[in-house]
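Structure first, then comments.
Laboratory data are not the source of any read-out in this text; all were calculated from the coordinates shown. Only a predicted model underlies this, so the values are computations on that prediction, with no experimental measurement involved. Every residue, glycine as well, gets a Cβ built from its backbone with ideal geometry; the counts of neighbours run over all protein chains shown.
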DNA sequence: CAGTGGTCTAGACCACCGC
DNA sequence: CGGTGGTCTAGACCACTGG
């Protein structure tokens with residue numbers, strides 16, 4: 001679902017919605033800002049409806065409308081009788097949703113990952129544009145191979161904006177987790193909340209084919225991802241290649 | 001968005017929601033049934049909120065919750081100051097969303113269509129299952145070639161349940177519209193409201209390649225679609241093949 | 001202008017959860 | 001049991017649309 005939230009309350013904090021701005025829309029933006037800034041960590045519960053409503057001097061129904069926006073946006077999750085919780089980010093195994101790698105027919109656990117290369121370099125014009133970086137900014141570039149049961153299946157090229165992901169440019173890559181998104185959160189405080197995946201088909205280059213143990217020119221599926229944090233900033237560019245014959249994806253139309 | 005509506009009111013009509021059933025959920029199901037049965041044709045406006053609320057002896061807010069469900073489901077569309085309208089079904093050009101066929105770089109109009117074959121035959125076990133037909137039921141099978149600017153680009157195989165689509169088994173296929181979904185609506189009274197597309201990759205057979213003017217064994221993208229009417233019944237199975245290198249699709253994650 | 005949907009209120013009562 | 005979110009009410013007022 002596409003949701004455009006009203007602009008967040010400016011600076012310190014305005015205690016009033018802008019004119020022409022609905023109260024619940026403004027409230028949602030306000031709560032979103034507090035979540036993004038870490039006031040409530042993913043997994044924790046917000047104060048009860050009644051409390052929040054009284055705090056903001058607003059009727060229950062109005063507060064509920066604000067929460068509904070954030071729920072629709074995937075930022076919050078409500079549980080009857082328990083509370084309203086900040087959702088955890090994306091798990092990181094989501095790339096498998098595009099492929100049907102199996103082991104004898106059974107569904108597979110998350111693949112093992114190995115970092116092949118790690119470089120610090122200047123962002124290309126396109127990368128800077130997508131990541132919202134100034135011209136000439138540095139990025140961290142990773143090449144990663146993901147294997148299932150010892151067989152290489154996915155080849156990834158990852159670009160990360162650099163002041164933000166500094167902690168990753170020094171640590172020992174051999175000790176990294178198999179899943180990057182939970183590690184982004186733990187090590188860099190970045191929660192991946194949403195992503196856009198662009199799918200297409202191509203042919204493997206000789207280098208790529210060698211790493212995936214396929215023939216050069218073998219058909220491959222490519223997933224180009226832009227991943228966003230809870231504030232809506234793009235914080236990761238990723239290109240993933242895999243055997244086209246293993247590709248499968250289901251989409252809902254309308 | 002995935003929404004499970006409560007079961008529709010049984011038979012004639014119960015004037016009360018079942019126990020353990022929310023009033024607005026029941027109301028939504030009731031309105032959905034009236035829309036599906038053609039009481040309000042796509043494009044027409046429903047009675048005003050206040051009227052509907054009074055008719056059903058319910059508060060405004062409750063009625064609005066019911067309408068919100070149907071809006072989220074894509075069945076209704078609300079326009080501030082104008083009214084609440086029944087949405088038209090899918091247009092039928094939706095297959096192009098998976099491919100980037102261009103003519104010199106410009107976006108293209110809907111492709112021209114030609115029916116290659118039309119047969120009435122017994123439904124396979126899988127087709128009968130998917131379409132909710134009894135064993136031994138008949139289906140209409142179409143093979144269709146869609147062309148852009150004279151170039152064949154998509155090859156389709158379409159299966160339709162037969163009592164429902166009888167009007168299509170007799171008429172002259174040369175006079176058919178380029179887009180099938182609007183014709184389903186006009187000729188058979190069937191409104192396509194939603195579809196599930198399963199994407200995969202393969203190689204063209206010699207026959208398929210000849211029709212698409214490509215080489216045998218050329219990589220192709222396949223879209224297997226199940227299309228549903230406003231009542232949620234599956235009423236069309238479709239398999240579409242196109243050049244894999246023209247394929248491109250963008251998906252939202254979370 | 002009259003009619004439509006959109007926002008907001010201040011309550012009441014219910015259903016679910018965990019202790 | 002007390003606390004949570006879920007449902008429902010009966011209003012008031014605003015914002016948009018069209019004649």
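Quick notes
- Fluctuation leader among B:65, B:224, B:79 - chain B, Gaussian network, Cα springs under 10 angstrom: B:79
- For chain A, built as a Gaussian network whose Cα springs stay under 10 Å, the top-fluctuating residue of A:182, A:167, A:111: A:167
- Placing a label point 7 Å from the Cα of residue B:121 along the Cα-to-Cβ direction, the residues of segment B:166-184 whose backbone N falls under 18 Å from that point are B:169-170.
- Shortest first, residue B:226 label-point distances to identical copies amount to 3.3 nm, with the label point at 7 Å from Cα along Cα→Cβ.
- Per-residue average of Cβ from other chains inside 10 Å of B:195-204: 5
- Here the spin labels are modelled as points 7 Å beyond Cα on the Cα-Cβ line, and at residue A:206 and residue B:88 they lie 5.4 nm apart.
- Starting from the label point of residue A:55 at 7 Å along Cα→Cβ, the same points in the other copies fall at 4.3 nm, in ascending order.
- Cα-based helix-to-principal-axis angle, B:23-36 vs chain B, degrees rounded to 10: 50
- Cβ-based exposure ranking for A:115, A:158, in which fewest neighbours within 10 Å come first: A:115, A:158
- The sum of -39500 (n - 2.57) across all DSSP H runs of n ≥ 4, divided by the residue count of the protein assembly as shown, sets its helix-only mean residue ellipticity at 222 nm to -5500 deg cm²/dmol.
- C-alpha center-to-center spacing [segment B:53-89, segment B:189-216] in angstrom: 37
- Contact order relative to length of chain A, as percent, for alpha carbon pairs under 8 angstrom and 6 or more apart: 16
- For q = 0.21, 0.24, 0.28 Å⁻¹, Debye-computed log10 I/I(0) when each Cα of segment A:23-86 counts as one equal scatterer: -0.80, -1.08, -1.47
- Cα gyration tensor shape for the protein assembly as shown, rounded if a/c is under 1.5, else prolate or oblate: oblate
- Computed over chain B, the ratio Rg/Rh where both radii use C-alpha atoms and Rh is Kirkwood: 1.03
- Ranked list, fewest to most other Cβ atoms within 10 Å of each Cβ, for B:120, B:223: B:120, B:223
- Sequence-separation-based contact order of segment A:115-250, relative, with Cα cut under 8 Å and 6+ spacing, percent: 22
- log10 of Debye I(q)/I(0), alpha-carbon scatterers only, for segment B:128-254 at 0.12, 0.20 Å⁻¹: -0.53, -1.25
- Shape call, segment A:118-202: gyration tensor on alpha carbons, a/c limit 1.5: oblate
- Angle in degrees between helix B:60-72 and the longest Cα principal axis of chain B, rounded to the nearest 10: 10
- Among A:114, A:78, A:233: highest mean-square fluctuation, GNM of chain A, C-alpha pairs under 10 Å: A:78
- Label-to-label distance, residue A:213 versus residue B:138, with points set 7 angstrom from Cα along the beta-carbon direction: 5.4 nm.
- Packing-based exposure ordering (other Cβ within 10 Å, fewest first) of B:184, A:24: A:24, B:184
- Ranked from shortest, the separations from the 7 Å Cα-to-Cβ label point of residue A:22 to its equivalents in the other copies are 1.7 nm.
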